[in-house]
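Reviewing the structure listed below.
The values are calculated or read from the model by the stated rules, or taken from the named source; none is laboratory data. Bear in mind the structure is a predicted one, so any value in this text is a computation, not a measurement. Cβ: placed from backbone, ideal geometry, glycine included. Neighbour counts: every protein chain shown.
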């Protein structure tokens, strides 16, 4: 029954790692954000958790690594390894439906579909519709392409007059 | 795990882990950033693929990292000086992306050049003539029009080159490049929109954009000697200048040799500021 135990063990470890909150968007778990790429167990019983950064300069990576390892150890896993996975690069498309719902509930607009294909410069006015996460109005505008963290932009709602953050497509 | 995927195991006896464990009470393990330094390529495969020249790979990484770290430092100088708070945040964010790219690239260089140096050794303990950044990156920030024009040129240039490097035979460099392309797309878009807004704005903003293009033009040749992406960059400049009602700058023959370590008088003071704390306390940890 060793095999069954091992499968249950890795499933439990995965559940623990999945529930670790993101340091900068604490309403999301690392699984919601899509940065926890894998949790495996090696033959010698080491739990190996793979994480990928959202942005190259994301200062939260070190805390994510530390938090995942600490949670797993606290749950009784003596041998824990964290891997950084750079390829494929993170995309906002990996934010789960549950993650998108939680963002909206916390007043942060979730990203639309990430662009694909060749990177072409467009100077046409962008008519992206970002519904206000508070009142739902589509009458919103961007105030800054960049915000308090790498992954967000600043928007405001013309209907309810509230500013809000928006997770950028990448 | 595909062959191109760059990740292997490292042990977890890491300074951050012990810090986090110390606070672990079953709730969120929280601690302030800046409690120590970390390896940005922590747990990533460090081997060099067969057929890749390690010295050449390290040089490629250092050049790209030097461009990024010097650019990031110039962008950071806009903090408290930008025309609006939103622009200060934007420029700082762009600098942070570049700094992140630089950290990964320095770490990769240290792995493959045989020295085992960490990112800090490259950023803080090399002198100006060891830096390989292009001259345009090190010029003082000038006015907002100049910084926007420089950002437009450098982000277009870096983006075009990194798009190619995303197919590099070294999977780590390829992965760093692929990630950076996404970030640079935002940087270029930001700069292009401001360039159009200023060029097509008031008489004064138009005049300043013309002056900025004149100031940047002499440094374009060096960029295209370093990377063969003149077509892509000229196309972006044509698109932006047309939309902005600005004259298209001409590309003179290469002037300057930042890639050989021959710099303007502006780099050394920039580095002195960047490196002062690390050099005053070379073994410091906190």
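Observations
- Inspection of the range A:103-110 identifies no residue that is surrounded by fewer than 22 Cβ atoms within 10 Å (Cβ to Cβ) and within 12 Å of another protein chain (Cβ to nearest Cβ).
- Among the residues of the range B:45-68, at least one is in contact with a helix residue (DSSP H, G or I) (Cβ under 6 Å, 6 or more places away or on another chain), within 14 Å of chain A (Cβ to nearest Cβ) and surrounded by fewer than 20 Cβ atoms within 10 Å (Cβ to Cβ).
- Only one entry in B:207, B:238, B:259, B:279 is part of a helix (DSSP H, G or I), more than 10 Å from every other protein chain (Cβ to nearest Cβ) and closer than 30 Å to residue B:50 by Cβ, namely B:259.
- Scan of the range B:69-98 for residues that are surrounded by fewer than 23 Cβ atoms within 10 Å (Cβ to Cβ), farther than 23 Å from residue B:120 by Cβ and within 13 Å of another protein chain (Cβ to nearest Cβ), ordered by number: B:78, B:82, B:83, B:84, B:85, B:86, B:87, B:88, B:89
- Extreme residue, surrounded by the fewest Cβ atoms within 10 Å (Cβ to Cβ), among residues of the range A:60-89 that are over 20 Å from residue A:43 (Cα atoms) and more than 8 Å from chain B (Cβ to nearest Cβ): A:60
- Criterion (under 17 Å from the mean Cα position of the chain (by Cα) and either surrounded by fewer than 19 Cβ atoms within 10 Å (Cβ to Cβ) or modelled with pLDDT under 95 (or both)) met by exactly one of B:275, B:262: B:275
- All positions within the range A:74-83 that are in contact with a strand residue (DSSP E or B) (Cβ under 6 Å, 6 or more places away or on another chain) and outside any loop (DSSP other than H, G, I, E, B): A:80, A:81, A:82, A:83
- Scanning the range B:105-134 for residues that are outside any helix (DSSP H, G or I) and farther than 20 Å from residue B:271 by Cα yields a total of 4.
- For the range A:127-170, the set of residues classified as in a loop (DSSP other than H, G, I, E, B), closer than 16 Å to residue A:92 by Cβ and free of Cβ contacts under 8 Å to residues at least 60 places away in the same chain consists of A:128, A:130, A:133, A:145, A:146, A:147, listed by residue number.
- Taking the range A:39-59 as the range and being within 9 Å of chain B (Cβ to nearest Cβ), farther than 16 Å from residue A:91 by Cα and not in a loop (DSSP other than H, G, I, E, B) as the test, only A:48 passes.
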